[in-house]
Structures are given as structure tokens and as C-alpha cells.
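Read through the structure below, which is laid out as C-alpha cells, and then see the notes.
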Amino acid sequence: MKEMSSKYRWEKVGSPCRNFCFLGRRLVTDPRGGHEMLALTSYAYPQNGQLLLADAETGEMEIHPFPTDAASWPLEQLGDGSLLLGTCVDDGAVLRFDMLNRKWREPLKTGETYLWRAGRGSDGMYYFSTTPHALLIRYDPRQHRIENLGSCTDVAGNLYSFEILTEIPGKIFINCSFEKNQAARYDIGSGTLRKAFIDDGHVAGIFGGCLIIRYSDGKLGLSDAEGRDLLGGSFTEDDFKAVEHPAVEKYFKSMEIDPRIKDWKGEKSLFNLKNGGAIGIRGQEIFIIRPGSVEAEILPFTVEPPNTQIIVIAPDHKGNLWGAPNFGMTIFRYNPETGETWNSTTACYDFGGEFYGMVPINGKIYMSAYCMAGHILYDTEKPWDAWDGLNPRCVYAAAPEYNRPYAKSVADNNGYVWTGLHSKYGTREMAISRWDTQTDEIRLYEKIAPGKTVHGMGTDGDNIWFTTSGAASSLAEDKEMELDLYAIDAEGKVIFHENLGREAFPGAVAFAGKYGLVSVGHQLYAIDGEKLEIEKIPGVTLANLRLGVERCGSDTVAAFDSEVTYIVNPKEKKTAAKAPPLKDPFWSGTVLGGTFYVVQGRDIYRLREETL
């Protein structure tokens, strides 16, 4: 941190966010004593991920931190009892955990950032899918060695190889996305990788040597391992169900949900135990169903969840900060004066992901969440009952057309909460939702900026201002796109629009009253919400693009550059003060009781004025 004559300093307050976020899951056998165990991998960024082992017989749990990276989706058990993982979000490493001595072997980094899925081939090797180059990685468990078998696609926008299907001896099928749905086939004997084996669809399952194909138009078909059509065309799902073929019958049978958990919303997994009972996971909770019973009992954690990165904080009227982790559907409450902290169980079981937006109003928390563009309401004055979907509850989900509430949420002076949404995977569109806090009516204003997404958003109390972006879910960012600053009124009508050009890369938007701030290229601009005008602030040249900004006082907004934090009075169009830079990128900040708080990774800091 550079020396500067600043009267401000950042003071760490606490690290209140603790949560599990389970990705990989598998029922395994402990080679030490033969007990069945539920193995789970938990995302723990900015720490290394964690392997949790829950003994299905005793309920005891163990935590084993990864040697590298934040999480793992793949989770397999090898013949010697070892567990095989494939990590994300940075290192894309193959990990192996020896269950006998409870130790990790040397990580094998692939050069990718994500490993998505894994499957065991008929050759005894394990195959992994990846991002961002849609590779096929082979792991040799005998040599503890990996090999890159090449990209599974020639489509430049297909950044992902996903599902790995290995049911046919000698063949590996790999689905690819997101510009175009495709499937590749790897032939073990010849070592050849056939790209676009299916050029407009995915392999949805393999049964009796036959491939169930789901085409991009949603229809279903059936082929053999060489791609030969077995039914003479594709069918709607209802018509496909009527097809009399053993593979079709097995496909639909495989999608049936155990009646003990059939009526539960959201993602859940159930594993039958040798004693006639079952163990499973729903959200971030582990449950047991005893032999002879159909009732689920929550298994209490005997280990502490990790401190995790915070994505959003917001103040209530009781002196608390509410917030959420950057992955996992939990929330927390934290009093920075007393240190009192509460972390929830899963706050919404309807879908997995994380909360982007959080707006406390009159004892209620209005939240927006990925991955279904969910609008979720929690009444803090009523008992917590997320398991049954009563409190918190999902009021509305904008899926399937929209998924990520990237621009978070803001409240205006008219009783509305506004959220900026990105469109579904593989598309580049936007919408802004308006949530009426009196009636819970939610309205969407779509494609205000066609072919673009919303990046930052703020309100002057009456109108909503937002910047556009060329970024999108699972697409490479379009950096040649001309970007904009917009303002809309409470009915979604555009009342201000300025094209900022191709190299503007406008950042977040924040207001102190009617006056706001936005970065445009390497400049800061003041926004006049009264006159609907913007003007460059003199004497400021930014090192970074797309700056984070946040209200930090009654008439000031903070702008977080890499070398300095600018405290700006946007009404007067000048820098009022400077504070030291943050050590990590800015995620979220808010004012509580006149004090400015910001998120730094898993920590919360406040801005203190030095006595000179």
C-alpha cells in the first residue's frame, strides 16, 4: 500500500460469513472399517475447498481441506478406496485422497480453470471435462498421471465440455456447450477424438448400448454408438414416451425420483444404505432416513463450516448488516458493534446458486438470486421455515429466459426494488425487474438495450440508471461492442441514453441522493439525477476500468481504484477526499449508522477517519 497523506484508514471489523456449499456428492465405503460414508465437496473460496466425510452409521464428520483450489464437482471412488476429485475455480487440478491414511497425493494441474465432470472408461482410466477450452483430460490411476487428449469441439464459442458418458465399452461421449450444443466421441482403442459426433444436440443418456439424443430444438431421438438413427427421426417428449423401445423405457425410468423425496423442491440427492435406510443431501443440509421410516431427520454438523467470501452486504433498521456468500444459498446477519452473528441454513431450496441482491425494508429482506433469477422474500419477524418454502419463499423466478441478477438490487423512493438481470446461458440480453414491496407484484422490462447485458445499476430515488456490457453467461465477452449509460423511470420508459463508445467499459453506478457516480473508461463522471445530465469530474485519471462505486456518506460516493479510493461529491463534481486503496477487488459496500462498510473477500472493513 502506497504512503499517502490521507485522513482515512480501513479497519477490519469481522468475518461473519460461514457456510457449506456442497457440489460433489457420493456414497463411499471407508476402507478403514467398511462403514458407509457420504462424501461431499464444499466450495470454500477464498480458502481451499473442503472434503467432508459423514459416517452414515455414527453421524460423525471429518473435514479435509484440499491442497489447492476452491471446489470440486467431480467425485469418484477408486478401487483402492481413494477418492478422485477435479477442481475449480482457478487451478483445474485432479486431486486424489487416500482414504486409508487420510492424505492427499500431489495435485495434477491441467492448465484449465474448471474440471466439470468425470467418468471411468472401460480401460480403467478416468476422463474429465473442462473449461475454458472444452478439453478431454485422461487420468491414469496406476501412474497418477494426466494427459490432455485435445479439445472436444471446433466451435470457438463452445468454452465448456460437460457431461462424460462411459457406459459403452471402448467409447467416451462428451457433451459441449454454449454457442452450440454438440457431443464428441473418443474411441479408446484408436485414440481418436471425433468432434461434432452429434452436431446439434447432446447425449442425454446411454441405455443398453443406445444413445438418447436431446436435440437443440428440445426433441428426442435414439441412435447407436456409431450415430445411426434407430427410430427414423426425432420426437417431442410426449411422443418419445410412447415409443416402445427398452432404451426409451429405461431413460424415463432413470428420471423417476424416490417417493420419499419426490415432493421436495429443488436439487436433492438420496443414497440407499445397506441397513435399509438412506442418507442424502438437500441444499446444504445432510439428512438421514432411518430403516423402516419415510421421515427425514436433519443430521447436525459436527464440524464447523468455513469462513467464505461475501458477495453482498446491506443494512437494516436495527443496526445489523445482512449479507450472503458468493456461492451457496445461505444468508447471514451481523452486528458490527456487538459482533453478534447468525448464519442461516439453506435459504431457498428451489434452485442452487447464490444471492446477488439484498435489500432490507421494514423487517423484510428482498433478495435476488442466481441461477433462476429468483426473487426471494424473507420476513425477519416470522419463524424461519425454508425447508417447506414458507419463509424465506421464492416469490418469482424469471427463468428460463433469465438467470443471473448480476447488477444486484436497489430500492427507490417509491416502494420498488429493482434488479438487473442477465439472460440465460449462451445468450446476450438483459432485463430489469421491478418488485412492488406493497403488493409483491414483479414486472420485467426486457431488452431495453437489445443484444447487451446490464453491468451496474443505481437509483436517484425516482429513476433507475444502469450501464451496459458485452459480457454474458458462458459466452466470451464482446469487447468491440459500443456501451451505454441509460436511465428509465418507474414505468420502464427510457428517459436518458448516452452511447459511450467501444472503449468506455462503464462500471458500477451509485448515488448519494439525486447525484451519482459512474466510471467511463479511465474517467469518473458525475450523474445529475435532477437535470438528467452527466459531466466528467476533473483531475481524476483512473488506473482501472469498470470501477466499483458505492455511496459512502449522505452526499458522497466512493470509487475504488487500484491505487486510491476516491471520496467524491457528485453534486459538486469534485473529489472531496482520498482514502487508501482496498487490498482486494471491491464487491459490496453500504452505510450503516453513518459508518461506511465494505466487503474484502471474507472480511468486512469500515472506513475510519484518522486523528491528524
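The values are calculated or read from the model by the stated rules, or taken from the named source; none is laboratory data. Being a predicted model, the structure only gives us computed values, none of them experimental. Here the Cβ is made from the backbone with ideal geometry for all residues, glycine too, and neighbour counts use every protein chain on show. Heads up: the accessible areas ignore ligands, DNA and RNA and are worked out on the full protein's heavy atoms, side chains in. Shrake-Rupley method; radii C 1.70, N 1.55, O 1.52, S 1.80 Å.
Filter the range 241-257 for residues that are within 30 Å of the chain's Cα centre (by Cα), in contact (Cβ under 8 Å) with a residue 12 or more places away in the chain and surrounded by fewer than 15 Cβ atoms within 10 Å (Cβ to Cβ) and give the result.
Of everything in the range 241-257, just one residue is within 30 Å of the chain's Cα centre (by Cα), in contact (Cβ under 8 Å) with a residue 12 or more places away in the chain and surrounded by fewer than 15 Cβ atoms within 10 Å (Cβ to Cβ), namely Ser254.
Looking only at residues that are small (Gly, Ala, Ser) and in contact with a Gly (Cβ under 9 Å, 6 or more places away or on another chain) in the range 59-75, which one is surrounded by the fewest Cβ atoms within 10 Å (Cβ to Cβ)?
Per the criteria, the residue is Ala70.
Which members of the range 315-339 meet the condition of being open to solvent by 10 Å² or more (accessible area, probe 1.4 Å) and among the small types (Gly, Ala, Ser)?
Answer for the range 315-339, where residues must be open to solvent by 10 Å² or more (accessible area, probe 1.4 Å) and among the small types (Gly, Ala, Ser): Gly319, Gly339.
Here is a list: Leu40, Leu78, Leu23, Leu27. Which entry is open to solvent by less than 10 Å² (accessible area, probe 1.4 Å) and either under 22 Å from the mean Cα position of the chain (by Cα) or of a type outside the set (Asp, Glu) (or both)?
Leu40
Need the failing condition index for Tyr486 against (1) in contact with a Phe, Trp or Tyr (Cβ under 7 Å, 6 or more places away or on another chain); (2) in a loop (DSSP other than H, G, I, E, B); (3) open to solvent by 10 Å² or more (accessible area, probe 1.4 Å), just the number.
Failed condition: (2).
If I go through the range 583-607 residue by residue, how many of them are open to solvent by 50 Å² or more (accessible area, probe 1.4 Å) and of a type in the set (A, V, I, L, M, F, W, C)?
The total comes to 1.
Would you be able to say whether some residue in the range 126-139 is over 30 Å from Ser190 (Cα atoms) and touching an Asp or Glu at 6+ places or on another chain (Cβ under 8 Å)?
Within the range 126-139, none of the residues are over 30 Å from Ser190 (Cα atoms) and touching an Asp or Glu at 6+ places or on another chain (Cβ under 8 Å).
Going through the range 404-418 one residue at a time, which ones are in a strand (DSSP E or B) and within 20 Å of Gly548 (Cβ to Cβ)?
Applying the first criterion (in a strand (DSSP E or B)) to the range 404-418 yields 404, 409-411, 416-418.
Arg404, Ser409, Val410, Ala411, Trp418 - these are the residues of the range 404-418 that are in a strand (DSSP E or B) and within 20 Å of Gly548 (Cβ to Cβ).
Would you mention how many residues in the range 182-240 are of a type in the set (Val, Ile, Thr) and exposed (fewer than 15 other Cβ atoms within 10 Å of the Cβ)?
The qualifying residues number 2.
Residue under question is Gly594, and the condition is that it be of a type in the set (Gly, Ala, Ser) and at negative phi; does it hold?
Criteria not met by Gly594.
For the subset of the range 534-549 comprising residues that are out of contact with any Asp or Glu (no Cβ under 8 Å at 6 or more places or on another chain) and in contact (Cβ under 8 Å) with a residue 24 or more places away in the chain, which member is surrounded by the fewest Cβ atoms within 10 Å (Cβ to Cβ)?
The selected residue is Gly539.
Any residue at all in the range 29-47 that's in contact with a Lys or Arg (Cβ under 8 Å, 6 or more places away or on another chain) and charged (D, E, K, R)?
yes
Among the residues in the range 516-523, are any open to solvent by 30 Å² or more (accessible area, probe 1.4 Å), assigned to a strand (DSSP E or B), free of Cβ contacts under 8 Å to residues at least 60 places away in the same chain and within 20 Å of Pro585 (Cα to Cα)?
Within the range 516-523, one or more residues are open to solvent by 30 Å² or more (accessible area, probe 1.4 Å), assigned to a strand (DSSP E or B), free of Cβ contacts under 8 Å to residues at least 60 places away in the same chain and within 20 Å of Pro585 (Cα to Cα).
Give the residues of the range 70-102 that are assigned to a strand (DSSP E or B), of a type in the set (D, E, K, R) and without any contact (Cβ under 8 Å) to a residue 40 or more places away in the chain, sorted by residue number.
Asp98
Are any of the residues in the range 416-431 closer than 20 Å to Gly516 by Cα, of a type in the set (Ser, Thr, Tyr) and open to solvent by less than 40 Å² (accessible area, probe 1.4 Å)?
Yes, the range 416-431 contains at least one residue that is closer than 20 Å to Gly516 by Cα, of a type in the set (Ser, Thr, Tyr) and open to solvent by less than 40 Å² (accessible area, probe 1.4 Å).
Take residues that are closer than 16 Å to Pro259 by Cα and of a type outside the set (S, T, N, Q) and tell me which of the strands (runs of 3 or more DSSP E) falling wholly in the range 271-316 contain 1 or more. Even if it seems obvious, please write down each step before you answer.
On the way: elements: 278-282, 285-289, 296-298, 310-315.
Fully inside the range 271-316 and qualifying: 278-282, 285-289, 296-298.
Yes/no matrix, rows are residues, columns are (1) modelled with pLDDT under 95; (2) small (Gly, Ala, Ser):
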position	(1), (2)
Lys7	yes, no
Arg18	no, no
Leu23	no, no
Thr29	no, no
Ala39	no, yes
Gly49	no, yes
Asp55	no, no
Glu60	no, no
Phe66	no, no
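Can you tell me how many residues within the range 550-563 are of a type outside the set (Asp, Glu) and either modelled with pLDDT under 95 or surrounded by fewer than 19 Cβ atoms within 10 Å (Cβ to Cβ) (or both)?
So the count comes out to 3.
Of everything in the range 564-576, what is of a type in the set (A, V, I, L, M) and surrounded by fewer than 17 Cβ atoms within 10 Å (Cβ to Cβ)? Give them in sequence order.
Here is the first cut: in the range 564-576, the ones of a type in the set (A, V, I, L, M) are 564, 567-568, 576.
Scanning the range 564-576 gives a single hit, Ala576.
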